1. Which condition does residue 154 not pass, out of (1) at pLDDT below 95; (2) among the polar types (S, T, N, Q); (3) farther than 21 Å from residue 79 by Cα, if it passes all the others?
2. Please go through the range 1-48 and give me each residue that is among the acidic types (Asp, Glu) and modelled with pLDDT under 95, ordered by number.
3. Scan the range 131-155 residue by residue and report those that are in contact (Cβ under 8 Å) with a residue 60 or more places away in the chain, touching a helix residue (DSSP H, G or I) at 6+ places or on another chain (Cβ under 9 Å) and not charged (D, E, K, R).
4. Specify which of the listed residues (139, 127) is of a type in the set (Lys, Arg), under 21 Å from residue 167 (Cα atoms) and outside any helix (DSSP H, G or I).
5. Across the range 114-170, what is the total count of residues that are of a type in the set (D, E, K, R) and touching a strand residue (DSSP E or B) at 6+ places or on another chain (Cβ under 6 Å)?
6. Could you name every one of the strands (runs of 3 or more DSSP E) located completely within the range 10-95 that has at least 1 residues being surrounded by fewer than 19 Cβ atoms within 10 Å (Cβ to Cβ), in contact with a Lys or Arg (Cβ under 6 Å, 6 or more places away or on another chain) and not hydrophobic (A, V, I, L, M, F, W, C)?
7. Does residue 40 count as touching an Asp or Glu at 6+ places or on another chain (Cβ under 8 Å) and within 18 Å of residue 119 (Cβ to Cβ)?
8. So, of the residues in the range 96-118 that are open to solvent by less than 20 Å² (accessible area, probe 1.4 Å) and outside any loop (DSSP other than H, G, I, E, B), which turns out to be farthest from residue 129 (Cα to Cα)?
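The values are calculated or read from the model by the stated rules, or taken from the named source; none is laboratory data. Quick caveat: nothing in here was measured; it's all calculated off a predicted structure. Don't worry about glycine lacking a Cβ; one is built from the backbone with ideal geometry, like all the others, and counts go over all protein chains shown. Note: areas computed on protein heavy atoms with side chains; ligands, DNA, RNA excluded. Shrake-Rupley method; radii C 1.70, N 1.55, O 1.52, S 1.80 Å.
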Amino acid sequence: QWAVEDGVIVCKGGGGGYLLTEKEFADFELRCEYRFTKPGTNSGIALRTPPKGDPAYQGMEIQLIDDEGWAGVHKFELKDFQHTGSIYDVQPAKKAANKPVGEWNAVRVVCKGRDVSVSLNGDELVKANLDDYAAKFDKHPGLKRAAGHLGFQSYNVRVEFRNVTVAESK
């Protein structure tokens, strides 16, 4: 399902799973742009994940979803921790900040030690210390990981990524 088209990483549709880096990262800044091509799109960014297992639980997943169009397409409302920028099922995003479907969104994720921050289109959506979520460690053992692979997820329809950079922190 994954391909490169005109310099853009694309997942052509659902069932693409995760496209992961070969290298593991601990402290880093990840920047990229993503674009949804249809209303109701669901995707994500895997952080500090092992090569096997569900990154949303065995690592962390930053949710990327069509906040505005989801309910109209799928006929149910998102939970607070399912909105774009949220650490999935852990820390909800402060607000919705997606651009309309078809436009590029710029995301920035910084992981430094136990601190994780997520910004979208210049708005800070999450600023979290993972130790504050110790009650979730049993369900989300990945929150304890200090390093792992990074990647992109496809859930239901085509999603596109470009201008991907990762800078390791020292």
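1. All conditions pass for residue 154, except number (3).
2. Hits for the range 1-48: nothing passes.
3. Within the range 131-155, 140, 141, 142, 143, 148, 149, 151, 153 qualify.
4. Selected residue: 127, the only one of 139, 127 that is of a type in the set (Lys, Arg), under 21 Å from residue 167 (Cα atoms) and outside any helix (DSSP H, G or I).
5. Total meeting the criteria: 7.
6. Of the strands (runs of 3 or more DSSP E) lying wholly inside the range 10-95, those with at least 1 residues that are surrounded by fewer than 19 Cβ atoms within 10 Å (Cβ to Cβ), in contact with a Lys or Arg (Cβ under 6 Å, 6 or more places away or on another chain) and not hydrophobic (A, V, I, L, M, F, W, C) span 28-36.
7. no
8. The residue in question is 105.
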